[in-house]
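A short worksheet on the structure shown next.
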Amino acid sequence: MADSKLRVDPLTANIGAEVSGLDLREELSQEQVEQLEAALLEHLVLFFRDQAITPEQQIAFSARFGELLVHPFGPIHPDYPEIIVLDQVRPVGEGTDIWHADTTYLEEPPLGSVLRAVELPPVGGDTYFGNMFAAYEALSPEIQEMIGGLRAVHDIAVPLVRAEAYGDSKLSLAEARAQWPPTTHPVVRTHPVSGRKALYVNRNATTHIEGLSERENEWLLPLLCDQVRSPAFQCRFQWEKDSIAFWDNRGSQHYAVPDYDVRRMMHRTTLLGDRPY
Ligand code: SIN
């Protein structure tokens, strides 16, 4: 039986919904998990307010939706390896300010992520989320047909070199490449649950489309990476302390607005995913 206290209020026609009537300090019932899964499938990102949960409770909540990933590199929480700590003061250029889905350089990129606001600047630091099904569907049928069978290379070197430059990783490129060599994913992936097609390239990891010349890549890849930029596919979330966003990494991308210079700290847990097809 569905939980009658749980409410899901859409933020826009294309993406995002605010969930109320849940206390995430408590263990979710199976019905609540299923309601949230259905809401995530429909809205791609769910927002929760006033959830003063501990790192253990964030891990327990996330683990109801799948197994957790330990991030290959970066600012890992000293006590909880499943939590990545995004602790930023001057975020311009650090990588979260690039439209992306998380860690697409993995052979099996994540299903989704749960992000909690721990500390925020007085103003600024909002996050945009984009619906990559809508972004794909808005392409002309001619471009859809052209990119239908293409695969693109995703490479850990792109975010890792940036993370090293900002002191966020000690992992060498050679070590990273040995463990996570560049991988390819379809430019248009099929969501494993809904079957919808999503555009699946991003400037944070995708280096090129296989089989195209450099000049063809220079033309096509930016066009596809920037398709998410239309406000028609987006919602903007204004964080408060203890707000949480839970997104589907297979059908959405996000962009953290780098418009602050006061500490902003977020805790992220990430759910293991599957091989895109
Ligand atoms: C992320 O890119 O995973 C974090 C987004 C944010 O900090 O708002």
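The values are calculated or read from the model by the stated rules, or taken from the named source; none is laboratory data. Since the structure is predicted, the reported quantities are computational estimates derived from the model, not experimental observations. Using ideal geometry, Cβ is built from the backbone for each residue, glycine included, and neighbour counts are taken over all protein chains shown. These accessible areas exclude ligands, DNA and RNA; they are computed on the full protein's heavy atoms, side chains included. Shrake-Rupley method; radii C 1.70, N 1.55, O 1.52, S 1.80 Å.
Against the condition within 14 Å of the ligand (Cβ to nearest atom) and open to solvent by 20 Å² or more (accessible area, probe 1.4 Å), how does V70 come out, does it pass? No: the conditions fail for V70.
I want to confirm something. Restricting to the range 259-270 and keeping residues that are of a type in the set (A, V, I, L, M, F, W, C) and within 13 Å of the ligand (Cβ to nearest atom), which single residue is least open to solvent (accessible area, probe 1.4 Å)?
Step one: list which residues in the range 259-270 are of a type in the set (A, V, I, L, M, F, W, C), which gives 262, 265-266.
Filter once more, so that each one left must be within 13 Å of the ligand (Cβ to nearest atom): 265-266.
Values: M265: 31, M266: 0 Å².
Top of the filtered list is M266.
Within the range 110-134, the set of residues being over 30 Å from E82 (Cβ atoms) and open to solvent by less than 20 Å² (accessible area, probe 1.4 Å) comprises A134 only. Return yes when R275 is within 14 Å of the ligand (Cβ to nearest atom), open to solvent by 50 Å² or more (accessible area, probe 1.4 Å) and farther than 21 Å from L22 by Cβ and no when it is not. When the stated conditions are applied, R275 does not pass them. Counting residues in the range 209-216 that are within 16 Å of the ligand (Cβ to nearest atom), aliphatic (A, V, I, L, M) and under 29 Å from P182 (Cα atoms) gives zero.
Considering only the range 124-208, give the helices (runs of 4 or more DSSP H) lying wholly within it that have at least 3 residues that are of a type in the set (A, V, I, L, M) and in contact with a Ser or Thr (Cβ under 8 Å, 6 or more places away or on another chain). Please lay out each step first, then the result.
On the way: elements: 132-137, 141-147, 157-165, 173-179.
Those helices (runs of 4 or more DSSP H) span 157-165.
Against the condition without any contact (Cβ under 8 Å) to a residue 60 or more places away in the chain, out of contact with any Gly (no Cβ under 6 Å at 6 or more places or on another chain) and of a type outside the set (K, R), how does A52 come out, does it pass? So A52 fails the test.
Scan the range 80-109 for residues that are more than 10 Å from the ligand (Cβ to nearest atom) and either open to solvent by less than 10 Å² (accessible area, probe 1.4 Å) or touching an Asp or Glu at 6+ places or on another chain (Cβ under 7 Å) (or both) and the total you get is 7.
Considering A134, A163, the condition of being away from the ligand (no atom under 16 Å from the Cβ) and small (G, A, S) is satisfied by A134 alone.
Within the bounds of the range 248-258, is there any residue that is in contact with a Pro (Cβ under 6 Å, 6 or more places away or on another chain), within 10 Å of the ligand (Cβ to nearest atom) and open to solvent by 10 Å² or more (accessible area, probe 1.4 Å)?
Taking the range 248-258 as the starting set, the residues that turn out to be in contact with a Pro (Cβ under 6 Å, 6 or more places away or on another chain) are 249, 258.
Subset that is within 10 Å of the ligand (Cβ to nearest atom): 249, 258.
When the remaining residues are screened for being open to solvent by 10 Å² or more (accessible area, probe 1.4 Å), the result is 258.
Looking for residues that are in contact with a Pro (Cβ under 6 Å, 6 or more places away or on another chain), within 10 Å of the ligand (Cβ to nearest atom) and open to solvent by 10 Å² or more (accessible area, probe 1.4 Å), one finds at least one in the range 248-258, hence yes.
Which residue out of R229, R162 is modelled with pLDDT of 95 or more and among the basic types (K, R)? Of R229, R162, the one residue that is modelled with pLDDT of 95 or more and among the basic types (K, R) is R229.
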